[in-house]
Amino acid sequence: IVDQIRLWQLDTERMATTNGFLFKEFDDYKEYISVVTFADEIGVLQWRNDRKGMFFITYAGLSQVKDFVKNKNKEKKAGK
Amino acid sequence: MPRAIRGVLIECDPSIKSIIMNINESEANAYVIEDLDDSHLVVQESKVQDLKRRLDDHLKETIPEIDRDSDSDRDVKQDKKGW
């Protein structure tokens with residue numbers, strides 16, 4: 001159904017729009033992959049490019065993804 | 001630490017995207033935050049409505065078929081009135 005709505009939107013408005021956040025400038029590829037995988041798993045991922053190390057999530061997904069990044073950083077610091 | 005940038009993801013045809021990029025260039029890059037790929041880009045939230053309006057204007061200018069159709073309709077109506 002979501003795909004049908006998207007197609008309908010593309011047809012009538014010529015473009016589909018999603019409010020949200022672009023994530024970029026990760027420290028390394030490993031960090032990028034772990035966060036983008038998390039975003040995908042909780043269903044907030046809208047677009048990704050592994051080569052560029054960037055992804056876009058819905059507005060509603062921000063708090064969860066932000067918490068995940070924070071926790072990862074804490075783990076990293078604790079590990080050192 | 002990664003950066004999270006607030007904006008609106010636009011998914012569209014490559015042809016539409018190139019028109020958006022042209023509008024963006026003509027306005028000192030005020031609309032587009034990041035050019036993602038052939039069919040995706042991120043734009044300023046506050047500029048989306050403005051961009052849609054400008055895109056509609058542009059498409060009206062470049063698709064003359066619509067004008068011709070309305071002309072032919074008007075001709076038919078005028079003929080009917082004449083009878």
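Bear in mind these aren't lab numbers, they're just calculated from the coordinates by the rules spelled out. None of the values given here were measured: they were computed from a predicted structure. Because the Cβ atoms are built from the backbone with ideal geometry, glycine has one as well, and the counts that use them run over all protein chains shown.
For the pairs A:30/A:74; A:52/A:74; A:70/B:47; A:30/A:52; A:24/A:66; A:24/A:72, flag any whose C-alpha to C-alpha distance is greater than 23 Å.
Cα-Cα > 23 Å for A:52/A:74; A:70/B:47; rest within.
I'd like the FRET efficiency for residue B:30 and residue A:41, computed as 1/(1 + (r/R0)^6) with the beta carbon distance as r and R0 of 30 Å, rounded to 0.05.
After rounding, the FRET efficiency stands at 0.25.
Suppose R0 equals 41 Å. What FRET efficiency, 1/(1 + (r/R0)^6) with r the Cβ-Cβ distance, do residue B:53 and residue A:30 give to the nearest 0.05?
0.40
Round to the nearest 0.05 the FRET efficiency obtained for residue B:3 and residue B:60 when R0 = 30 Å and r is the Cβ-Cβ distance.
It comes to 0.20.
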